[in-house]
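Input: a single structure, listed below in structure tokens.
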Amino acid sequence: MLIRFFTLVFLVLAFTATSFAQGADPKSLFDQLADANFNAAEKLVADIAATGDPRVVPALEAFASGDLYFRKADKAVFVGKEQGSELALTDPVTAEAAGEVAKGAVTKIRVNNNLRRAIRAALGGLTLMSPDRSARLSAADAILRSPSAEALELVEAALAQETDAEVKARMEEARAVSLLSSDRSIDEKRAAIETIAGLGAGGLGVLNSVAGTIDPSLKPDLDKAIASIQNAQQLWNLAQNVWYGMSLGSVLLLAAIGLAITFGVMGIINMAHGEMVMLGAYSTFMVQQVIRDNAPGLFDWSLAIALPVAFLVTGAVGFVIERGVIRFLYGRPLETLLATWGVSLILQQAIRTIFGPTNQEVGNPSWMSGSFPLGGMTITYNRMWIIVFSLTIFFALLFVMKKTAYGLNMRAVTQNRRMASSMGIRTPWVDALTFALGSGIAGIAGVALSQIDNVSPNLGQSYIIDSFMVVVFGGVGNLWGTLVGALSLGILNKFLEPSVGAVLGKILVLVLIILFIQKRPRGLFALKGRAVEA
């Protein structure tokens, strides 16, 4: 009977001891640090972490940084920050201000390396077992970046009670990278190497860091994992270059698609087309300025508002140029080239006079800012939306060309101007509206380009030559040819640039196009028609 009694007492005391930390007041545990030596402080840090109270994290971080003090008058512990000749005290748990005191009224609680390691372990345990999902993810990511054998037990303890699938997967990876630097068995480390190999480029640094210290029997597994990561990385680099090429191609498509229409229908070499792109970008700048000054809450809608504004502004400018200059120069390509070049200089100088020669700030809406990972590559939102926008404009224009009366008239004038005129089509007005449409689309291109390039008076000059190359390569006046030509040249440029440089890459592309048009003078997709084929 007596044995049973003492056994019961022992169990009660054990239960009380294990549950004391969880039920203890964190503030009273912090106050005990005032009289504790280093060993006792380590135990108190463990007890503070065992409370599971996330409010103690800032105070433990302050302790590790040497910013924890106790007041000499009552041995109460506070976090202290210097305020001139005094210290501003805050409660270590509630973070409430506790006033300012002279530096002589408090004593700093000392901390050594062993104690810092204990604090770091406690912080890791608190965040790995935090009720906040994002905090647990961040803790696992931190261990992935800086793995250590000390964190292994904490990760395994957190892993045992984790229920969220994504967090659990991240903790498995954190466990694997920590396990390699521990003294666990060979089989466990071999399984960890396989797990790390699945991390891709992020695991390559971990494997390389342990290559010199790992057990020789694991060397083949390590080399195999490193080789698999490197091979996968090469494939992802290839995919990234294709993505960059498609991104550049979509920009070229936007800049060239209006030129393809005017060049195909009217036979006009419009050197002012780049300035239409520039006017569209400045229209976006003006719309954003008005929104910033009058309705900042509409800023995320600024591009949607700028699109019709840029289309109307540049379309109107294009209509005036065609009616005022170009219609007198049909059939005289050299004079047209010189005249439109003069118009481009006038427009550039006008913009410099109004807005100045420096770059103007055009902001990104929130839905076009940032990026996200896709496997081993990174996708930026602004480039992604520009590709979507370019294809939308392309198919909308294709619909107008194929399914509307205006598009039918435009195609008729493109293929046989004289026959179209004899059938009653007013070719001069088709020319004027076509030039206005091409200029309006260039303005829409300027809205998109304002999100990825500097908005300056020289914006259009960066794209005019490439736009002509796209039109000639794809086939004059053919929209599908423009699409294929833009994407092909964009991808080719991105594959040439890393090996030969940007300038030499453009020169090589130009040489290849010259050689190509020697064999196919009318481009990839030649227009058909009696007048065109004559």
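Where does the charge balance sit around S302 when Lys and Arg score +1, Asp and Glu -1, over other residues with C-beta under 14 Å from its C-beta?
So the environment of S302 carries a net charge of -2.
Measure out, as a whole number of angstrom, how far apart the alpha-carbon centroids of the stretch 243-312 and the stretch 440-483 sit.
Between the Cα centre of the stretch 243-312 and that of the stretch 440-483, the gap is 9 Å.
With the calculation restricted to Cα positions, what are the radius of gyration and Dmax of the stretch 310-380 in angstrom?
19.6, 56
Which of the lysines could a cross-linker span from K402 if the Cα-Cα distance has to be under 26 Å and same-chain partners fewer than 8 positions apart are dropped?
K528
Set the Förster radius R0 to 56 Å, insert the Cβ-Cβ distance between L238 and L345 as r into 1/(1 + (r/R0)^6), and round the FRET efficiency to 0.05.
The formula returns an efficiency of 0.85 here.
When ranked by the protection proxy of mean other Cβ atoms within 10 Å per residue, highest first, what sequence do the peptides 496-507, 276-287 form?
276-287, 496-507
I want the local charge near S488. Using Cβ-Cβ distances under 14 Å, sum +1 for each Lys or Arg and -1 for each Asp or Glu among the other residues.
Around S488, the surrounding residues sum to +1.
Using label points projected 7 Å from each Cα along Cα→Cβ, tell me how many nm separate F355 and A157, to one decimal.
6.0
Within 11 Å, Cβ to Cβ, of F328, how many net charges do the neighbouring residues add up to if Lys/Arg are +1 and Asp/Glu are -1?
So the environment of F328 carries a net charge of +1.
Which distance in nm do the two modelled labels at N113 and T404 give, with both placed 7 Å along the Cα-to-Cβ direction?
Distance between label points: 7.5 nm.
Of K403/K506; K403/K519; K403/K494; K219/K494; K494/K519, which sit over 28 Å apart, Cα to Cα?
K403/K506; K403/K519; K403/K494; K219/K494
So what is log10(I(q)/I(0)) for the chain at q = 0.06, 0.07, 0.08, 0.13 1/Å, when the Debye sum runs over its Cα atoms only?
Cα-only, vacuum Debye calculation for the chain: -0.53, -0.65, -0.76, -1.17.
Tell me the per residue accessible area of the stretch 56-180 using a 1.4 Å probe; a whole number in Å² is fine.
48
Using DSSP to define loop residues, name the trypsin sites (Lys or Arg not before Pro) in the stretch 177-268 whose beta-carbon has at most 15 other beta-carbon atoms within 10 Å.
R184
Between the helical axis of 405-415 and the dominant principal axis of the chain, each derived from Cα atoms, what acute angle in degrees is found, rounded to the nearest 10?
It works out to around 60 degrees.
How tilted is helix 381-403 with respect to the longest principal axis of the chain? Cα atoms for both, answer in degrees (0 to 90, nearest 10).
So the helix axis and the longest Cα principal axis differ by about 30 degrees.
Taking amide hydrogens as modeled 1.01 Å from N in the peptide plane, which residues meet the under 5 Å criterion relative to A98, leaving out close sequence neighbours?
Those lying under 5 Å, H to H, from A98 are L89, T90, D91.
Would you mind pulling out the separation of the Cα centroids of the stretch 50-111 and the stretch 221-242, in Å?
49
Report P(r) for the stretch 73-135: all Cα-Cα distances, bin width 10 Å, range 0 to the bin holding the largest distance, values in whole percent.
Spelled out bin by bin, the stretch 73-135 gives 19, 35, 33, 13, 0 percent.
Using every alpha carbon pair in the stretch 31-171, what percent of pairs falls into each 10 Å bin from 0 up to the bin containing the largest distance?
12, 39, 29, 16, 4, 0
Give the cross-link partners of K27 among the aspartates and glutamates, using a straight C-alpha distance below 18 Å as the criterion and excluding same-chain residues fewer than 8 apart.
D35, E42, D47, D53, E61, D67, D74, D91, E96
By average Cβ neighbour count within 10 Å, what is the ranking of 483-494, 356-367 from highest down?
483-494, 356-367
Cα-Cα over 24 Å: which of K43/K75; K168/K224; K189/K224?
K168/K224
What do the square roots of 5 times the Cα gyration tensor eigenvalues come to for the stretch 433-518, in whole Å, largest first, as semi-axes of the equivalent ellipsoid?
23, 19, 10
The values are calculated or read from the model by the stated rules, or taken from the named source; none is laboratory data. Please read all numbers here as calculations on a predicted model, not as lab measurements. Methodologically, a virtual Cβ is constructed for each residue, glycine included, from the backbone with ideal geometry; neighbour enumeration extends over all protein chains shown. SASA here: full protein model, heavy atoms, side chains in, ligands and nucleic acids out. Shrake-Rupley method; radii C 1.70, N 1.55, O 1.52, S 1.80 Å.
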